[in-house]
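Asks: Below you'll find the structure I mean.
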Amino acid sequence: MCTGKCAKCIGWTLIPLSIICITCNAFLFFPGWSTEPSMEPGTKLTSEVNMYLGIVGGGIMVLLPAIQILVAGGKGCCGNRCGMFLSILGAAIVLCGSLFCLTMSVVGLHRGPVCQYYDRVKTNTTGSPVPTTNSSLIWGRPFDDPQNNENYLFHPELWDTCVAPSDVVEFNVILFSILIAASSIEVILGAVQLFNGLFGLICGTCRNKDDDDYKEMMEDEKKEIKC
């Protein structure tokens, strides 16, 4: 496949992926479709969500370079070695943003959501899963316990530990899983474009020499060399 066509394909694929990341991160500000946590993001939302991992990392840092990569693979003045060089820089930004999103998504999924749960350790000495009368509801991450070797992801029966927001664990797992999948694809595409852009910079974009667009492209390259 020509480097230009490959760049266009990667650009078109990255754009919807970045939009997916932005959307998922936006939804994570309203866990369980509750607006209360977004009023106090510092204490009622996970630190990973507050880092804007999907909005900035997998979103803006991918969307803007994706547009540039798309232009670099098109016809015209940018579909040449200069455009492919810029696409390398864009691919590097895509890699940084998507890797950040991927890493923080994995951490967020592993540590679990912030939710309201009964503080059984301090107030419930019976060890019963049903809270006693002296139990109190607190906000925190009940599954983020380094002393607990059992991961909540493999024990759905523990998900009822979170009392509010409703279905926050399922909400958290689904959206972070989508972010992991989308950012993983972004990482792969960013790496592919990095090598594709390097190849296009060295060898040029492959076009038919009889094509008028090819002739225009070569004239543009001559003008760039003179400059």
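The values are calculated or read from the model by the stated rules, or taken from the named source; none is laboratory data. Keep in mind that what you see is a predicted model, and the values were worked out from it rather than measured. So basically every Cβ, Gly included, is an ideal-geometry build from the backbone, and we count neighbours across all protein chains shown.
Asks: Anything in segment 37-70 that is part of a loop (DSSP other than H, G, I, E, B) and not acidic (D, E)? List them, or say none.
Replies: L45, T46, M51, Y52
Asks: Let me ask something else. Can you tell me which condition L99 does not meet? The list is (1) at pLDDT 95 or above; (2) more than 9 Å from the chain's Cα centre (by Cα), and all the others hold.
Replies: (2)
Asks: Which of the following residues is of a type in the set (G, A, S) and at pLDDT 90 or above: G190, G197, G204?
Replies: None of the others qualify; the one that does is G190.
Asks: Does segment 37-61 hold any residues that are surrounded by 14 or more Cβ atoms within 10 Å (Cβ to Cβ), touching a residue at least 12 places away in the same chain (Cβ under 8 Å) and farther than 18 Å from C21 by Cα, and which are they?
Replies: Result: P37, P41, K44.
Asks: Would you mention how many residues in segment 9-36 are in a helix (DSSP H, G or I) and at pLDDT below 85?
Replies: Qualifying residue count for the region: 2.
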